[in-house]
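Please read the structure below before turning to the comments.
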Amino acid sequence: MIRFPARLSAHSERTANIPVLDGLRGIAILWVLAFHLSWLTAIQWHVSFGGQAFDLTYLLRTGFLGVELFFFISGFCIFYPYAQHAFGFRPYQTLGDFAFRRAIKIVPSYLLSLLFVAALAPVLFFPSQNLAWQLISHVLFIFNFSAATVSALNGVLWSLAIEVQFYLLFPLLCRAFQRSAIVTFTGLSAIAIVYRFWSTACCDSTSIVHYQLPAFLDFFACGMLGAQIYCYGISRRFSEDVRSMRWWTVAAVASLIALTAFVRYVLWGFYLQNPNGVDRADILFYLGVGFLVLTITTAFAGRTWQSLLSNKPLVFMSVISYNLYLYHLIVSMSLLYRLHFPASKARIPQTDPHWQISFLVIAAAVSITVATIVTYAIERPLLRHGRQLLSQGMKRVARWMSGLAKSWPTGPSVPRGTQSA
């Protein structure tokens, strides 16, 4: 029988779920979706308010930063159980539990998407050369090491390879973080910054060198540090009274304004100078810190502010975010380039404002529908019953192999007692 620490029951509600992470995950996938759809449609976003015109196109065109937000959230979530354990909020999560949770969450939907692309490539997608090797490299999560495979099947999958490669390093990084969080955080951030400086100096803007795991280690590190700080804050009762919640809310609003301004006036400027975004590499660390500050301040803020960043639509988008990420680009590109739906009267559809809006709505709706079906028909049942289904599957495989062995023809029998010594 497992004996839980006394603090576990006292803080279990506060540590069981962090609403802001659901909201941020929903924002991240909407940001990525907006980026790709604005890229395919060349749409711009202008808003008039109080007689003033505001150009919000930068929010669409900087959506590639949603991937960095996903990396931050990933670092927070996978280290969170260990941070909880360090402060006595839950029992220790074994390496086997960590590996199983990551595998059951990532692999089934990922493999299904690969099969989907391979089966329908001649009809909907863009079949690449040497499809067999493409599939093998993707199954092994090594496709981001080659320009020939990194975007051959689905252009968004490169970040998933980064995730899995980080998972392989995580047991070592987790142990180091548990020993000294600040030193490990500083080391990982330094590696990322130095790597980005080096890759910018050595390679052109289209090189895959820019998009390897070392370039994003600071975002994972910011997430891990965020989990540590949050659990420390819970243990120290950072927001146990209304007055402290108000101050945390003020800090959260200020951090969101500062983060938005940073994206608008710093990162967007670099993006305009270089559409591939390589020149922003040396300041990405501050974006990760911004994600960290916004997450922590919101987590301790009042319920009203938390509900703004974790409302039901964003939570729903969070639930389907993984599969929406997997399918939105291939669905949208198929609608545009292969099915030519919706049709446009203009020779270049991107010059037709009515087509731009129609395509954006249809592509988003179809992508969300596909993601919802896969999430609730496959991913969620596996998360609920994964261990049972895996055990049953292994037993069936064992029985099949046993039956195959019994039916396999053997050589001529040798009479007992005649074998050589």
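Among the residues of segment 311-325, are any of a type in the set (Val, Ile, Thr), at pLDDT 95 or above and over 21 Å from the mean Cα position of the chain (by Cα)? No; the residues of segment 311-325 include none that is of a type in the set (Val, Ile, Thr), at pLDDT 95 or above and over 21 Å from the mean Cα position of the chain (by Cα). The residues of segment 175-225 that are of a type in the set (Asp, Glu) and surrounded by 14 or more Cβ atoms within 10 Å (Cβ to Cβ) amount to a single one, ASP218.
Residue-wise test of (1) under 27 Å from ILE27 (Cα atoms); (2) in contact with a helix residue (DSSP H, G or I) (Cβ under 9 Å, 6 or more places away or on another chain); (3) assigned to a helix (DSSP H, G or I).
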{"residue": "ALA161", "(1), (2), (3)": "yes, yes, yes"}
{"residue": "ILE182", "(1), (2), (3)": "no, yes, yes"}
{"residue": "ALA190", "(1), (2), (3)": "no, yes, yes"}
{"residue": "ASP204", "(1), (2), (3)": "no, yes, no"}
{"residue": "PHE219", "(1), (2), (3)": "yes, yes, yes"}
{"residue": "MET224", "(1), (2), (3)": "yes, yes, yes"}
{"residue": "GLY233", "(1), (2), (3)": "yes, yes, yes"}
{"residue": "TRP248", "(1), (2), (3)": "yes, yes, yes"}
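Can you pull out every residue in segment 338-362 that is touching a residue at least 24 places away in the same chain (Cβ under 8 Å) and within 20 Å of LEU314 (Cβ to Cβ)? Within segment 338-362, LEU360 is the sole residue that qualifies. Selection of segment 226-262 for residues being surrounded by 17 or more Cβ atoms within 10 Å (Cβ to Cβ), under 29 Å from LEU65 (Cα atoms) and either among the hydroxyl-bearing types (Ser, Thr, Tyr) or touching a strand residue (DSSP E or B) at 6+ places or on another chain (Cβ under 8 Å) (or both) yields TYR230, THR249, SER255.
Given the criteria at pLDDT 85 or above, within 22 Å of the chain's Cα centre (by Cα) and over 24 Å from ALA227 (Cβ atoms), does LEU267 qualify? Give the steps one after another, and end with the answer.
On the way: at pLDDT 85 or above: yes; within 22 Å of the chain's Cα centre (by Cα): yes; over 24 Å from ALA227 (Cβ atoms): yes.
Answer is yes for this residue.
Quick check on TYR265: is it in contact with a Phe, Trp or Tyr (Cβ under 8 Å, 6 or more places away or on another chain), in a helix (DSSP H, G or I), within 22 Å of ALA28 (Cβ to Cβ) and without any contact (Cβ under 8 Å) to a residue 40 or more places away in the chain? If you could, list the steps in order and put the result at the bottom.
Values: in contact with a Phe, Trp or Tyr (Cβ under 8 Å, 6 or more places away or on another chain): no; in a helix (DSSP H, G or I): yes; within 22 Å of ALA28 (Cβ to Cβ): yes; without any contact (Cβ under 8 Å) to a residue 40 or more places away in the chain: yes.
So TYR265 fails the test.
For a quick check of your reading: which helices (runs of 4 or more DSSP H) sit entirely within segment 280-389 and have at least 3 residues that are out of contact with any Ser or Thr (no Cβ under 8 Å at 6 or more places or on another chain) and surrounded by 13 or more Cβ atoms within 10 Å (Cβ to Cβ)?
284-299, 312-319, 321-333, 353-374
The values are calculated or read from the model by the stated rules, or taken from the named source; none is laboratory data. The structure displayed is predicted, hence computed values, not measured ones. With ideal geometry, Cβ positions are generated from the backbone for all residues, glycine too; neighbour counts draw on all protein chains shown.
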